[in-house]
Amino acid sequence: MADHLMSTYKRLPIRFERGEGIWLWDTENRQYLDALSGIAVCGLGHAHPAVTQAICEQADKLVHTSNLYGIPLQERLADRLCALATMDRVFFSNSGAESNEAAIKIARLFGHSKGIDCPAIIVMENSFHGRTLATLTATGNRKVQAGFEPLVRGFIRVPYNDLEAIRTVAANKSDAVAVLVEPVQGEGGINIPDAGYLAGIRKICDENNWLMMLDEIQTGMGRTGKWFACQHENILPDVMTIAKALGNGVPIGACLASGQAADMMQPGSHGTTFGGNPLACSAALAVLDTMEQEKLVEQAARLGQQLLQGFSSALQDLQGITEIRGHGLMIGIELDRPCSELVGKALTQGLLINVTAERVVRLLPPLITTEKQADMIVAQVSDLIRGHLEG
Ligand SMILES: Cc1ncc(COP(=O)(O)O)c(C=O)c1O
């Protein structure tokens, strides 16, 4: 089927040709409801006219120059993001992993500025931060790391949602300089920490003069019902990474920083050819405008509640459900058994879902989903799970 592509992905036997809103059509013109948004990317759904128009108009003017020169759209986008996130400065990248690479490099520079020769970053079990060498090392999943040893030095791993473990590191390791954590673990299985976890990390970081670095690549851009998930707890990190939904599918990521962390990078410290080019920034600006105009952050919060309540009542009598959890439009339904075959079954019924951590059905529908479509998702996914558990 694809002899000249490297076998990096275990792909489903389907190819899409076009999309509109929450819907996709394959090459046979079959229609699918996309309850995954390209893994939290297409928050505005497919072919949103505002993004399409912005990209087309920008492509007609200028696609790329270089970061050798000033880029007005990049400056505008940085201003907007800093205002939304209450951060000071931004570095633009092309992906989530690259945003995290920038964060890791900031932590290293910060450590050296404190006179620490081998600065270490505290990272979590079950986390996911990307596939570059540093980010796969930060990732708490052996499957992602296996075969790529030697891994990068300078990471200390602790269990997620365990403040005491971080305090223990603080008491014993003088080379720690930062904590890198997802506000909700996405790939790890939609793991939602206890209320107060992020605030607790903030406090420990303040007490130890560490950087608090939040990976909001999956949780950011309105997905949890706030622009950024840390805003549920009124936390301001020192570093925040985003990507995925920022360009609604046009590749762009960002590493935002505040205070001392914002001053670490100097000319020559870091860079990337494509990062923040006019085309990508025009898409991201259109995403921000549309999210504000259509009040999509509030909509994500509302729809998330609707989906959670819907699943709770549709699945309440069913044996085999371990937990139904969600934060805005990040929904995880954990079963007591593996369920990866549900993905293929859903596909034959015209529905795109995902299973992560072997037994967690993960839903990440677009923020533009309507209430009626949310009801359709509840009905279809509940039927699938019922069939799997009772069949
Ligand atoms: C929390 C988190 N961090 C980082 C990444 C890596 O992003 P990318 O695939 O754009 O490199 C992902 C991707 O799933 C993610 O969910």
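Readers should treat all values here as calculations from the given coordinates under stated rules, not as data from a laboratory. Everything numeric here is computed off the predicted structure, so don't read it as measured data. Note that we place each Cβ from the backbone using ideal geometry, even for glycine, and neighbour counts take in every protein chain shown.
Tabulated values for the structure
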read-out: Choice from Cys230, Cys281, Cys82 showing the highest fluctuation, given a GNM over the chain with Cα pairs closer than 10 Å; value: Cys82
read-out: Partners for Lys143 among lysines (Cα-Cα distance below 20 Å; same-chain residues under 8 apart left out); value: Lys10
read-out: Ranked Trp23, Trp227, Trp210, criterion: other C-beta atoms within 10 Å, fewest first; value: Trp23, Trp227, Trp210
read-out: Inter-centroid distance (Cα atoms) of region 260-289 relative to region 196-212, Å; value: 26
read-out: Rel. contact order, % - alpha carbon contacts under 8 angstrom, at least six apart, the chain; value: 22
read-out: Set of lysines near Lys114 by C-alpha distance (under 25 Å), chain-local residues within fewer than 8 positions excluded; value: Lys105, Lys173, Lys203
read-out: Aspartates and glutamates with Cα under 12 Å of Lys345, excluding same-chain neighbours fewer than 8 positions away; value: Asp383
read-out: Computed helical MRE - 222 nm, the chain, DSSP H runs ≥ 4 contributing -39500 (n - 2.57), nearest 500; value: -11500 deg cm²/dmol
